[in-house]
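Written below as structure tokens is the structure these notes are about.
The values are calculated or read from the model by the stated rules, or taken from the named source; none is laboratory data. Quantities reported herein were computed from a predicted structural model and do not represent experimental measurements. Don't worry about glycine lacking a Cβ; one is built from the backbone with ideal geometry, like all the others, and counts go over all protein chains shown.
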């Protein structure tokens, strides 16, 4: 059997209620393309019946289905990395299992890739999320773009297409923490974006809480830029210069008006100024610790994930 043209990589974590609906739409959509394909599911330590349902689907379509079973929960991006390691297609497409990005949209990504692009990002059309989540996402996107210079209109949409060359480069990266769409964008020579439909979840709840979304954006900023450190260094310089300037003003004013200097001294001694400087210092220590922590995680060189089992049909030429 020759290598397929298209590889679909789908991380799965506690999606038992929606998996059958995914199967019922995904495989017909891929069959309709008229191209060879494979679907790689990565079970990211699900504690429900997701693994059993994936096994059943493998038994139904073993010629195009491959299942990777993790021994624990390592996160969405590590699951995608495991899928990239096994993908054999010229075009690799990532897709969430919750059906918020319809599988029928895969055809549009494939068409765009066949036009010569090596990376196709997506923008959710009529996004089916709360107003707060949409607004927070837009603000974080703008902040992230200013700091990292990575221009992704919608960083939260995981339905994206990558050329095999881009995937091979990503596979060479041994980063413990990474954000795959941003990493791919930094390597792409001819990226583009298209709009895709967005639907409500068929079942279950989003695995990304507000804390996880903030954590993801923080990882993204610190993982792709040292601008936060540079900004904080600049704040430190400005604070130091401001202190010197204030001291100089105090010395000048002391010779002019004792009452004025008493007022300034009272202002200078206010607790709020002290709390501000302490907070600024603690924030800087925390920011520096974030970068040091990333180095610490990296130098330990521990496995990023552990695979418990792989279900796949053996290929004759392997």
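A few points about this structure:
- Scanning segment 8-50 for residues that are assigned to a helix (DSSP H, G or I) and either free of Cβ contacts under 8 Å to residues at least 12 places away in the same chain or under 24 Å from the mean Cα position of the chain (by Cα) (or both) yields 16, 18, 19, 22, 24, 26, 28, 31, 50.
- Residue under evaluation residue 20, criteria (1) more than 18 Å from residue 158 (Cα to Cα); (2) in contact with a strand residue (DSSP E or B) (Cβ under 7 Å, 6 or more places away or on another chain), criterion not met: (2)
- Of the set (1) within 21 Å of residue 186 (Cα to Cα); (2) modelled with pLDDT of 65 or more; (3) not in a loop (DSSP other than H, G, I, E, B), all apply to residue 147 but (2).
- Candidate set from segment 56-84 (those that are surrounded by fewer than 18 Cβ atoms within 10 Å (Cβ to Cβ) and part of a helix (DSSP H, G or I)); member that is nearest to the chain's Cα centre (by Cα): 56
- Residue in segment 87-102 that is in contact (Cβ under 8 Å) with a residue 12 or more places away in the chain, surrounded by fewer than 22 Cβ atoms within 10 Å (Cβ to Cβ) and outside any loop (DSSP other than H, G, I, E, B) present: no
- Count of segment 36-55 residues, restricted to those that are in contact with a helix residue (DSSP H, G or I) (Cβ under 7 Å, 6 or more places away or on another chain) and surrounded by fewer than 17 Cβ atoms within 10 Å (Cβ to Cβ), is 2.
- All conditions in (1) at pLDDT 95 or above; (2) farther than 23 Å from residue 110 by Cβ hold for residue 24, with the sole exception of (2).
- Meets criteria (in contact with a helix residue (DSSP H, G or I) (Cβ under 6 Å, 6 or more places away or on another chain) and surrounded by fewer than 20 Cβ atoms within 10 Å (Cβ to Cβ)) for residue 24: no
- Boolean, residue 83 is over 22 Å from residue 199 (Cβ atoms) and modelled with pLDDT under 95: no
- Of the candidates 172, 151, 155, the single residue that is without any contact (Cβ under 8 Å) to a residue 12 or more places away in the chain and either within 24 Å of residue 291 (Cβ to Cβ) or in contact with a strand residue (DSSP E or B) (Cβ under 8 Å, 6 or more places away or on another chain) (or both) is 172.
- Residues that are part of a helix (DSSP H, G or I) and exposed (fewer than 15 other Cβ atoms within 10 Å of the Cβ) within segment 164-185 comprise 165, 168, 171, 172, listed in sequence order.
- Within segment 103-128, if we keep just the residues that are modelled with pLDDT of 95 or more and closer than 24 Å to residue 175 by Cβ, the residue that is surrounded by the most Cβ atoms within 10 Å (Cβ to Cβ) turns out to be 120.
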